[in-house]
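Below is one structure, written out as structure tokens; comments come after it.
The values are calculated or read from the model by the stated rules, or taken from the named source; none is laboratory data. What you see is a predicted model; the values in this text were computed from it and never measured. Glycine also receives a Cβ, built like all others from the backbone with ideal geometry; neighbour counts cover every protein chain displayed.
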Amino acid sequence: MQHHRTPQRVRDRRTSDSVGSDSTARRRPRSPHRTHTLAVDDDRIPRLGPVTDPGIEQAVQRRRAAALAEWGLVDEIVLVGAGHPIGVPGRGDLTYPFHAHSEYLYLTDRNRPGGVLAFDPQDGWFDFVAEVTDEERLWSGATGEDTDGVPLGQLEVWLGARRERLVACLGAPMSESLEVSCDAALTSDLRLALDVVRRPKDAIELERMRIAERATRAAFSAAVPLLVDGSTERSVQIELEAAALRAGGDAMAYDTIIGSGTNSAVLHFLPSGRILRNSELVLIDAGAEYRGYASDITRTYPVGGRLDPQQQELHALVYAAERAAIARCVPGTEWVDVHLTAGQVIAEGLVAFGLLRGEPSALVESGAVWLFFPHGIGHLVGLGVRDAGGPLRSRRDTPPPIANLRINMPLEPGFVVTVEPGIYFVPAILQDPERRAQHRDGVDWDRVDRMLGFGGIRIEDNVHITPDGHEILTADVPVLG
Ligand SMILES: [Mn+2]
């Protein structure tokens, strides 16, 4: 599994976690600007690579062995598909940026489209890889040096020799031209088992996440000085993302969220041309990606650098809820309890603030607190911004304790989770007559009416569970600029 790429090709890639050539690249004619004429200090731009992390071969072997131990196969066949580039409707041969399916990337560390990793308990692993086409040689300069493995064309014969066997189809769906019938129950079992293996991050994964975090930290420190009267959400986004790439990120792990003023109450607001005004809140939720591994950080800052007393109180409350929830992030804690811890702190704080009325625990029980904190406390992060969450295997057929939770299991060493409580004034929720009737007594609705334009506050960190506690991977991004 040695993968090498020439520096030229590395420089041209949108993401460097790929080991094969990227067929999406052929849509984009190579830039003629080989020599930079922009005012960019090239020395500050890290060279991408080395492409092969030391130890990646052993890590991939260990991951595969751990999957097999969890699968306990007898004579079933396993296929893991990388997937294919997805065309943008109506745009000719343009495709969305290619990301190999997370299960494939995890078991191969290869981002080339079309590949299929196959396993037969009698014969072992077969890494079927798409051969380089003339098109790829022409448009993306592919040489085929990254396509070590068995030519994909041989997969049909390989499968033909195993006709009567049950097949699990993990990863992305197999190509339609392939005659294979996937067993749904087996596929589902093996996927849940592989999730168990994928959740604790190994050393290489953590190292990639730390690189993504460093890029994200640089991105936030570039953004904060721009949060002044007259800037726009868009101008902040541009500098934030440039800083993330300059500091070693391959790409953003998801669309950058920047909402100012009332836009900060929109959970995933995409930056607009809206002009920032003094003392408004700005919510920034952004994360760089490095070789497929993500960072996911949220901070909420005041334009001009100073929170007014009301903002100050609610910001401190969200931060207190976040810290209380993070304190629960140790092995054995049920995820729902991390969520409820944040809910309880927010309920207590909103009672003290005067928005909620009654016993805090009763306000959690009745759901009144979720009017202001209307999402789950977080999710697994790592290979992509949403890593292998979901329910514990034994809970697959039971409903989650709270509907909007993305995790339903106790935390274990090696997990990395986001912890991201918030308080928002969402008009669509708070002006709903049914909700107002349901929580007539628990909420000071006159106060709510006066605060409908407040916006929202979220604070998010990435927490790595360790055998005796946790480590906050994102602790060096200041909570207030
Ligand atoms: Mn998140």
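Observations, loosely collected:
- Residue in region 83-95 that is charged (D, E, K, R), surrounded by 14 or more Cβ atoms within 10 Å (Cβ to Cβ), in contact (Cβ under 8 Å) with a residue 24 or more places away in the chain and in the same structural domain as residue 64 (by TED's automatic domain parsing) present: no
- Scanning region 189-203 for residues that are out of contact with any Pro (no Cβ under 9 Å at 6 or more places or on another chain) and either assigned to a loop (DSSP other than H, G, I, E, B) or at pLDDT below 95 (or both) yields 199, 201, 202.
- Residues being assigned to a loop (DSSP other than H, G, I, E, B) and under 17 Å from residue 298 (Cβ atoms) - total across region 221-241: 1
- When each of 303, 318 is tested for being away from the ligand (no atom under 16 Å from the Cβ) and of a type in the set (Val, Ile, Thr), the lone residue that passes is 303.
- Scope region 298-353; condition free of Cβ contacts under 8 Å to residues at least 60 places away in the same chain, of a type in the set (Lys, Arg) and closer than 13 Å to residue 421 by Cα; matching residues: 323
- Of the criteria (1) farther than 17 Å from residue 321 by Cβ; (2) in contact with a helix residue (DSSP H, G or I) (Cβ under 8 Å, 6 or more places away or on another chain); (3) not acidic (Asp, Glu), which one residue 474 fails: (1)
- Where residue 150 falls short, out of the listed (1) within 25 Å of residue 388 (Cβ to Cβ); (2) surrounded by 14 or more Cβ atoms within 10 Å (Cβ to Cβ); (3) not hydroxyl-bearing (Ser, Thr, Tyr): (1)
- Any hit, region 273-293, residues being within 22 Å of residue 228 (Cα to Cα), among the polar types (S, T, N, Q) and surrounded by fewer than 19 Cβ atoms within 10 Å (Cβ to Cβ): yes
- Selection from region 267-293 of residues that are away from the ligand (no atom under 15 Å from the Cβ) and among the β-branched types (Val, Ile, Thr): 275, 282
Table: residues versus (1) without any contact (Cβ under 8 Å) to a residue 40 or more places away in the chain; (2) over 17 Å from residue 116 (Cβ atoms).
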| residue | (1), (2) |
| --- | --- |
| 142 | no, yes |
| 157 | yes, no |
| 177 | yes, no |
| 184 | yes, yes |
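- Of the residues making up region 455-481, those that are touching a Ser or Thr at 6+ places or on another chain (Cβ under 8 Å), among the hydrophobic types (A, V, I, L, M, F, W, C) and assigned to a loop (DSSP other than H, G, I, E, B) are 459, 473, 477.
- Scanning region 378-399 for any residue that is part of a helix (DSSP H, G or I) and modelled with pLDDT of 95 or more turns up nothing.
- Condition check for residue 423: of a type in the set (Val, Ile, Thr), within 23 Å of residue 315 (Cα to Cα) and part of a loop (DSSP other than H, G, I, E, B): no
- Among the criteria (1) in contact (Cβ under 8 Å) with a residue 12 or more places away in the chain; (2) not in a helix (DSSP H, G or I), the one residue 435 does not fulfil is (2).
- In this structure, residue 214 does not qualify as surrounded by fewer than 16 Cβ atoms within 10 Å (Cβ to Cβ), at pLDDT 95 or above and not in a loop (DSSP other than H, G, I, E, B).
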